[in-house]
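Engineer: Can you read through this structure? Questions will come right after.
The values are calculated or read from the model by the stated rules, or taken from the named source; none is laboratory data. Predicted, not measured: the structure shown is a model, and the values here were computed from it. No Cβ is skipped: glycine too gets one built from the backbone with ideal geometry, and neighbour counts run over all protein chains shown. For accessibility, only protein heavy atoms count, side chains too; no ligands or nucleic acids. Shrake-Rupley method; radii C 1.70, N 1.55, O 1.52, S 1.80 Å.
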Amino acid sequence: DAMLRDVLSNLRPAKHYPAIIARATGMRQSEIFNSRIITEEGIVCFTVEDAKTEAGIRLVPIRDDLIEYANDNHHKLTVAKSYSNLFGAAKKKVTDRGDIKFHSLRSTFVTLALRAKFTEMQVAWLVGHEHGKGEALTGSHYHQGYTVEFLKEIVEAVPKFEL
């Protein structure tokens, strides 16, 4: 989080939105830029319809403290590639580590969700990872997913990012 704060300090506040959402949801950059905001079962979510894999097609609940921020900023997103360049340039002002990328925010989210005592399968479902690679046949074959309400619990359990 300290490094993310440093990176964001090199971007205009209007350009913070994708990084903050990635840190709060584990979404890929392309998913953030291609998603829409909807309400499902009374819960405000991003709907990911154009994903890297079939498992990536999903609903991602938005933290209560970010709903207004998302509604105010999501429609302002432009081109993912230009944002990637902006984020990369801001990161280079902070560190020259090649292993730190926008995608690192996804890893941070997953780590924090696992530390909050959710299982790998539960977190994988939320972030759109493939299922069934190592789980018991019963869990991977018959499991039909988690409710949006449960996924919201995971998102809310990850500590809030403070700028």
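Engineer: With Cα Rg over 2.2 N^0.38 Å in mind, check (i) 0.98; (ii) 1.32; (iii) 1.03 and report the label derived from this structure.
Structural biologist: (iii)
Engineer: May I pose another question? Please give the FRET efficiency for K101 paired with E41, using the beta carbon to beta carbon distance and R0 = 30 Å, rounded to the nearest 0.05. Intermediate results must be reported in sequence, preceding the final value.
Structural biologist: Numbers: r = 33 Å, r/R0 = 1.11.
Step by step, r from the Cβ atoms, then E = 0.35.
Engineer: Let me ask something additional. Sort 91-102, 145-156 for me by packing, meaning the mean count of neighbouring Cβ atoms within 10 Å per residue, highest on top.
Structural biologist: Working: 91-102: 13.2, 145-156: 17.1.
Top of the packing list down: 145-156, 91-102.
Engineer: Take the solvent-accessible surface of the protein heavy atoms, probe 1.4 Å, and return the percent of it on the chain that carbon and sulfur atoms account for. Write out the running numbers ahead of the final one.
Structural biologist: Details: 4530 of 8910 Å².
The computed percentage sits at 51.
Engineer: Take the alpha-carbon positions of segment 33-74, form their convex hull, and give its projected area averaged over all directions (one quarter of the hull surface) in nm². Spell out each step's value before the answer.
Structural biologist: Numbers: hull surface 12.2 nm².
The number I arrive at for segment 33-74 is 3.0 nm².
Engineer: While we're on this one: Can you work out the accessible area per residue across segment 34-106, with the rest of the protein chains kept in place, probe 1.4 Å, in square angstrom?
Structural biologist: On the way: 4320 Å² over 73 residues.
On a per-residue basis, segment 34-106 sits at 59 Å².
Engineer: What are the GluC sites (Glu not before Pro) within segment 45-93 that DSSP puts in a loop, where the Cβ has at most 14 other Cβ atoms within 10 Å?
Structural biologist: On the way: sites: E49, E54, E68; in loops: E49.
When the GluC sites (Glu not before Pro) of segment 45-93 are filtered for loop state and at most 14 Cβ neighbours within 10 Å, E49 remain.
Engineer: From Cα coordinates alone, what are the radius of gyration and Dmax values for segment 5-84 in angstrom?
Structural biologist: Cα-based Rg and Dmax for segment 5-84 come out at 12.4, 38 Å.
Engineer: At 222 nm, what helix-only mean residue ellipticity would the chain give, in deg cm²/dmol to the nearest 500, using -39500 (n - 2.57) for each DSSP H run of four or more?
Structural biologist: My calculation for the chain gives -13500 deg cm²/dmol from helical runs alone.
Engineer: Considering only DSSP states other than H, G, I, E and B, which trypsin sites (Lys or Arg not before Pro) in segment 1-59 qualify as loop sites with at most 16 other Cβ atoms within 10 Å?
Structural biologist: Details: sites: R5, K15, R23, R28, R36, K52, R58; in loops: R28, K52.
The qualifying sites are K52.
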